[in-house]
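Structure, as structure tokens:
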Amino acid sequence: MKTLLRRELGALWQNPWQLALVSYLPILAMLALWWLFSAALPRQLPVAMVDLDNSSLSRELGRHMAANPVVSPISFASLPQAQDAMNRAEVYALVVVPHGFSRELKTAAQPTVDVRYNGQFLLVGKLLAANLQQAIADAMKPLAYSKQLARGANPHQAHINIAPVATQTTALFNRNNNYVGFLVPPVLIALWQLTAMLVFANALNRELEPAARQEAIGMLPRLGAKLLCYTPLLMLQGLFIHALLFGYLKLPVAASPLWLIPAMLGLLLAVFLIVAVIFFLMQESARVVSFCTALFAPAFAFMGVTFPVHDMPAAAQYWRLLMPSSHYIDSHIALVSYGVSGMELLSKNLSFMPFFLLLLPIGLLARKGLKEAQP
């Protein structure tokens, strides 16, 4: 085994791409992803506003939109121009104030303010929809209050009639609606898993080289050496992620992040087993990397962080179960948000056990050996 480990380390040192994957490249990518979300809250999102009424009331509506920290209204002279800007993704939403808006409001009619947002940007769309609705409601309250007074209601009763039920929304685990704590951990875990897949795939694909095929050492010892060589290096990347999140960024956590180490190790072992099975079945470098990438690329979408798992199609839910990151993120959320005990968290790691059933086909395929190289 010592000889095999020296063999792997020597091959690693001679491969600049593999060396970059286990050292600086993922770190730079992780820091870049964190920088994208470092603002914590989306602010000043561009919104197209078409004021066809051009009244004092419609201008008041525009001022309320501009006062909202999330919305940055941009005036357009016509609806086609605003639609073109939205199609080009220059704005994320569109607000149209129709002709006669002010007159209809004052005559007890019910005019419609047309609000559209781009649903392809899931989080941005939902955020804008909520804030635009709030801005429009706030802009209409003074007029509604005046109407109540004109009908003879006393000031106290007028306020009650405008808002008979007061609502308060309080986030349980993300009180400041911080997008760093919400999105960055699953994004970094998905990237880490993809990096681990590439590292293991590249290490296994090296056995397809003519010089490696001629060696008399069996495939099972080679697999063990690769696992022992690269797992500690990848674990250091995982520890860097958690040091960044809970050490440097000081994201709130309900218990010690050290309880996540077994889940991190389970993720790496599961990724290695999946990649090993695909390697033995395909035994062609490009196909192995392509198939593994297609399998692991949608990991972030299938974690259930931005979209409820139970609302996914059945095929997506089964696909989600094939990705180790989905099992890890359950432990991550349970620890960070719910503060489960250490023993409960360890029991959650049992979800990685089905991946170890892959040891059986790996053992059978390894004993069979690699097929002969094509001329």
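The values are calculated or read from the model by the stated rules, or taken from the named source; none is laboratory data. This is a predicted model, so every value here is computed, not measured. All Cβ positions, even for glycine, are placed from backbone atoms using ideal geometry, and neighbour counts span all protein chains on display. For the accessible areas, the whole protein counts, side chains as well, though only heavy atoms, and no ligand, DNA or RNA atoms are used. Shrake-Rupley method; radii C 1.70, N 1.55, O 1.52, S 1.80 Å.
Counting only the heavy atoms of the protein chains, how much of S256 is accessible to a 1.4 Å probe, in Å² to the nearest 10?
50
Which distance in nm do the two modelled labels at K106 and L370 give, with both placed 7 Å along the Cα-to-Cβ direction?
It is 8.3 nm.
Note down the accessible area of T293, probe 1.4 Å, to the nearest 10 Å².
50
Could you pull out the trypsin sites (Lys or Arg not before Pro) across segment 1-43 that fall in loop regions by DSSP (anything but H, G, I, E, B) with no more than 14 other Cβ atoms inside 10 Å? Each step should come with its number before you reach the end.
Details: sites: K2, R6, R7, R43; in loops: R43.
Answer by residue number: R43.
Which residue, chosen from A196, F101, L45, occupies the Cα position most advanced towards the positive end of the dipole of the chain, where the dipole is computed from +1 (Lys, Arg) and -1 (Asp, Glu) charges on Cβ about the Cα centre?
Sorting the options by dipole projection puts first A196.
In whole angstrom, how long is each semi-axis of the equivalent ellipsoid of the chain, when you take the square root of 5 times every eigenvalue of its Cα gyration tensor and sort them from largest down?
On the way: eigenvalues 624, 103, 59 Å².
Each semi-axis is the square root of five times an eigenvalue, giving 56, 23, 17 Å.
Over the Cα atoms of segment 88-130, Rg to Rh with Kirkwood Rh, two decimal places?
Working: Rg = 13.5 Å, Rh = 11.9 Å.
We get a ratio of 1.14 for segment 88-130.
Find, among the trypsin sites (Lys or Arg not before Pro) in segment 214-303, those assigned to loop by DSSP (not H, G, I, E, B) with at most 12 other beta-carbon atoms within 10 angstrom. Don't jump to the answer; show the numbers that get you there.
Details: sites: R222, K226, K250, R287; in loops: K250.
Sparse-neighbourhood loop trypsin sites (Lys or Arg not before Pro): K250.
Are there any helices in the chain, counted as whole DSSP H runs, that stretch 30 Å or more along their axis by Cα and score at least 1.6 on average by Kyte-Doolittle, and if so which?
Details: long enough: 122-150 (42 Å, 0.57); 179-205 (38 Å, 1.55); 219-242 (34 Å, 1.03); 261-282 (32 Å, 2.93).
Qualifying helices: 261-282.
For segment 215-306, take N as its residue count and report Rg(C-alpha) divided by 2.2 N^0.38 Å. Kindly include the intermediate steps, with their values, before the conclusion.
Working: Rg = 16.4 Å, N = 92, 2.2 N^0.38 = 12.3 Å.
Compactness ratio reported: 1.34.
Hey, rough spin-label estimate for S256 and R63, points 7 angstrom out along Cα→Cβ, what's it come to in nanometres?
5.7
Quick check: Cα centre of segment 297-345 to Cα centre of segment 55-104, how many Å?
39
With Cβ to Cβ distances under 14 Å as the rule, what net charge do the other residues near V309 carry (K, R +1; D, E -1)? Don't skip to the answer; put the middle values down first.
Values: positive: R320; negative: D311, D330.
Net local charge, V309 excluded: -1.
Rank these by accessible area, largest first, 1.4 Å probe: F76, F307, F182. Show your work: numbers first, answer last.
Numbers: F76 50, F307 90, F182 70 Å².
Output order, biggest surface exposure first: F307, F182, F76.
Which whole-number value in Å² is the accessible area per residue of the chain, probe 1.4 Å? If you can, show how the numbers build up before the last one.
Values: 20150 Å² over 375 residues.
Per-residue value: 54 Å².
Ordering F37, F272 from largest to smallest accessible area (1.4 angstrom probe), what's the sequence?
Values: F37 60, F272 15 Å².
The residues order as F37, F272, largest area first.
On the protein heavy atoms, probe 1.4 angstrom, tell me the percent of accessible surface of the chain carried by carbon and sulfur. Before the final figure, lay out each step's value.
Details: 12730 of 20150 Å².
Carbon-and-sulfur percentage of accessible area, whole number: 63.
Which FRET efficiency value, to the nearest 0.05, do you get for E90 and Q317 by plugging their Cβ-Cβ distance into 1/(1 + (r/R0)^6) with R0 = 30 Å?
Numbers: r = 36 Å, r/R0 = 1.21.
With R0 = 30 Å, the Cβ-Cβ based efficiency is 0.25.
Please give every one of the aspartates and glutamates within straight-line cross-link reach of K371, meaning a C-alpha to C-alpha distance under 19 Å, and leave out same-chain neighbours fewer than 8 residues apart.
Filter leaves E207, E209, E215, E284.
Please report, in debye to the nearest 20, how large the charge dipole of segment 23-100 is about its Cα centre when each Lys and Arg carries +1 at its beta carbon and each Asp and Glu carries -1 there. List each step's numbers first, then the result.
Working: 4 positive and 5 negative charges, 43 e Å.
In debye, rounded to 20, segment 23-100 gives about 200.
Under a crude label model (7 Å from the Cα following the beta-carbon direction), how far is A32 from M343 in nanometres?
Between A32 and M343, the label points sit 4.6 nm apart.
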